[in-house]
1. Of the residues ILE12, ILE58, which single one is within 24 Å of THR204 (Cβ to Cβ) and either more than 17 Å from the chain's Cα centre (by Cα) or surrounded by 15 or more Cβ atoms within 10 Å (Cβ to Cβ) (or both)?
2. Could you tell me which residue of region 95-106 is nearest to PHE59 (Cα to Cα), considering only residues that are buried (at least 16 other Cβ atoms within 10 Å of the Cβ) and either in contact with a Phe, Trp or Tyr (Cβ under 8 Å, 6 or more places away or on another chain) or aliphatic (A, V, I, L, M) (or both)?
3. How many residues are of a type outside the set (Lys, Arg), in contact (Cβ under 8 Å) with a residue 60 or more places away in the chain and closer than 25 Å to ILE207 by Cα if we restrict to region 148-170?
4. Identify, please: which residue in region 179-230 is aliphatic (A, V, I, L, M) and out of contact with any helix residue (DSSP H, G or I) (no Cβ under 9 Å at 6 or more places or on another chain) and is, among those, modelled with the lowest pLDDT?
5. From GLU3, GLU17, GLU41, GLU31, which residue is among the acidic types (Asp, Glu) and surrounded by fewer than 14 Cβ atoms within 10 Å (Cβ to Cβ)?
6. Here are the criteria: (1) modelled with pLDDT under 85; (2) surrounded by fewer than 19 Cβ atoms within 10 Å (Cβ to Cβ); (3) under 18 Å from the mean Cα position of the chain (by Cα). Tell me which single one ASP150 does not satisfy.
7. Within region 165-174, does at least one residue satisfy the condition of being aliphatic (A, V, I, L, M), surrounded by fewer than 17 Cβ atoms within 10 Å (Cβ to Cβ) and not in a strand (DSSP E or B)?
8. From the list PRO90, PRO104, which one is more than 21 Å from VAL196 (Cα to Cα), assigned to a loop (DSSP other than H, G, I, E, B) and without any contact (Cβ under 8 Å) to a residue 24 or more places away in the chain?
Amino acid sequence: MNETLASLNAAIEGKSETESLAILAELFPGEVVFSTSLGYEDQVISDLILKNGINIGIFTLDTGRLFAETYMTLQKTNNRYDTKIKVYYPQTDAVENLVSTKGPLSFYESIENRKECCFIRKVEPLNRALAGAKIWVTGIRAEQSGNRHDMPRLEWDEAHQLFKFHPILHWSFEEVKQYVKSNGIPYNPLHDKGFVSIGCAPCTRAIQEGEDFRAGRWWWEDESKKECGLHAK
C-alpha cells in the first residue's frame, strides 16, 4: 500500500486539480468515485469532473432529512450537466426501527443517539456506495476544522480500505465561492443565509460571524471535534 501511495503521489505531483482527477481515473478506470453533499466545495469538484468528462462516478447520500434547498440543488446540477447523480438511501428497516423505538428526534438526547442516527442514515449507505471503489474523492478542505490542517491531499483510508483524494484541500473558502460564482455553478441557496456546512435539516443551523466553520453542525453538543463518521478526521 505504501508503495502504491507513493507512486500515486508522484503521478499527481505538480498537477492541477483537473489533471490529478483525470490521472487517477485513468489509472483506476471505473473504480474512482466522488461523494457529494451538494455544498459549495462539492459543487466545484462536480464541475471539474463533469465539464471535463472525467470517468469518475458521482453519488450523494439522501438521509431522508435533507433541506428542500438541497434537493433543488441536486435537480439543478443534474439539469446543468445533463447527468444523473446516483442517490443512496438508508436501509428502510433500520430507519423504521430507530424512529419507532426512540422517536424522530432521538439525536438531540445524547451523542450516542446522534451517532447512531448518523450511522444509519449516512455511514451505512456510504459503505455500500464505496463498495468496489479504489479511490474516494472528497470535498474536504484543510481550513474546515483544526484536525484537517495537516492532512495530505492523497491518503490511505484504513477503515474503508481505499485511497482518499482531496483535490481542493488547500483552497480557501473565498476561492471556492469565487470559482462557483465565476463559472455560474448551481449552489445551495442556504449558503446565502449563513449556512456554511449543510447536512440534515434538524442538525444544521446558520453560523454567526466569527464562529467556527462547523459550529452550525450538531450545535447542541459540547464536543470540539464533531464528525458524523463519514471521515475519520
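The values are calculated or read from the model by the stated rules, or taken from the named source; none is laboratory data. In this text the structure is predicted, and so the values were computed from the model without any measurement. Cβ sites come from the backbone with ideal geometry, for glycine too, and all protein chains shown count toward neighbours.
1. Only one candidate passes the filter, namely ILE58.
2. VAL95
3. Within region 148-170, residues that are of a type outside the set (Lys, Arg), in contact (Cβ under 8 Å) with a residue 60 or more places away in the chain and closer than 25 Å to ILE207 by Cα number 2.
4. ALA215
5. After ruling out the rest, the residue left standing is GLU3.
6. Condition not satisfied by ASP150: (3).
7. No, the conditions are met nowhere in region 165-174.
8. Matching residue, one of PRO90, PRO104: PRO104.
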